[in-house]
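Student: Sharing a structure with you now.
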Amino acid sequence: MKTEIRDVDDVRIIALKGKISIGAGDVKIRELVDEALKSGKKKIVLDLGQVSAIDSSGIGEMVSCYTTVTRQGGKLALLKLSPKINDILQVTQLITVFDVYDSEEEAIAALR
């Protein structure tokens, strides 16, 4: 999995590319979110627009990150879900947990 990290004002955008699966990205998400929190960024957007596949480990890690960010008084949002990831979140009813946005501008505005 590849990542691209950038900040827009006080919002950390973490763009993920490739597969998020056990041993191939699940731990990386946690590391990136922890790093953002340690650097004072409590508003985090996970851009999933270029994620080709995700398994239960990846979903579990996203939930864990959401919990960690929320407990520290921050907000975590998801951006650009593929139909496949959207379906997984619908079936597991996790779609009700996450704030999901189609555009980066919407996500940033919602976290402010």
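The values are calculated or read from the model by the stated rules, or taken from the named source; none is laboratory data. All values reported here derive from a predicted model rather than from experimental measurement. Virtual Cβ from ideal backbone geometry, glycine too; neighbours counted across all protein chains shown.
Student: Can you tell me which residue among Ile44, Ile54 is farther than 17 Å from Met1 by Cα and among the aliphatic types (A, V, I, L, M)?
Tutor: The unique qualifying residue is Ile44.
Student: Quick one: in the stretch 19-48, of everything that is surrounded by 15 or more Cβ atoms within 10 Å (Cβ to Cβ) and among the small types (Gly, Ala, Ser), which residue is nearest to Ile85 (Cα to Cα)?
Tutor: Here the answer is Ser21.
Student: Among residues belonging to the stretch 64-112 that are hydroxyl-bearing (Ser, Thr, Tyr) and part of a helix (DSSP H, G or I), point out the one that is farthest from the chain's Cα centre (by Cα).
Tutor: In the first step, residues of the stretch 64-112 are kept if they are hydroxyl-bearing (Ser, Thr, Tyr); the result is 64, 66-68, 70, 82, 92, 96, 101, 103.
Pick out the ones that are also part of a helix (DSSP H, G or I) and you get 64, 66-68, 70, 96.
Values: Ser64: 10, Tyr66: 8, Thr67: 12, Thr68: 12, Thr70: 13, Thr96: 15 Å.
The selected residue is Thr96.
Student: I would also like to ask the following. Check off (1) in a helix (DSSP H, G or I); (2) out of contact with any helix residue (DSSP H, G or I) (no Cβ under 9 Å at 6 or more places or on another chain) for Gly49 and give me the number that stays unchecked.
Tutor: So Gly49 meets the others, but not (1).
Student: Further question: Could you say whether any residue in the stretch 30-40 is under 13 Å from the mean Cα position of the chain (by Cα) and more than 19 Å from Glu4 (Cα to Cα)?
Tutor: No, that holds for no residue.
Student: Would you confirm whether or not the stretch 23-42 contains a residue that is over 21 Å from Arg112 (Cα atoms) and in a strand (DSSP E or B)?
Tutor: To start, the set of residues in the stretch 23-42 that are over 21 Å from Arg112 (Cα atoms) comprises 23-31.
Remaining after also requiring in a strand (DSSP E or B): 24-25.
Yes, there is a match, as at least one residue in the stretch 23-42 is over 21 Å from Arg112 (Cα atoms) and in a strand (DSSP E or B).
Student: Moving on to the next point. Consider Glu61 carefully, then state whether it is in contact (Cβ under 8 Å) with a residue 24 or more places away in the chain and within 12 Å of the chain's Cα centre (by Cα).
Tutor: Against the criterion (in contact (Cβ under 8 Å) with a residue 24 or more places away in the chain and within 12 Å of the chain's Cα centre (by Cα)), Glu61 qualifies.
Student: Can I ask one more? Name the single residue that is nearest to Asp102 (Cα to Cα) among those in the stretch 42-61 being of a type in the set (A, V, I, L, M) and modelled with pLDDT under 95.
Tutor: Per the stated criteria, the residue is Val51.
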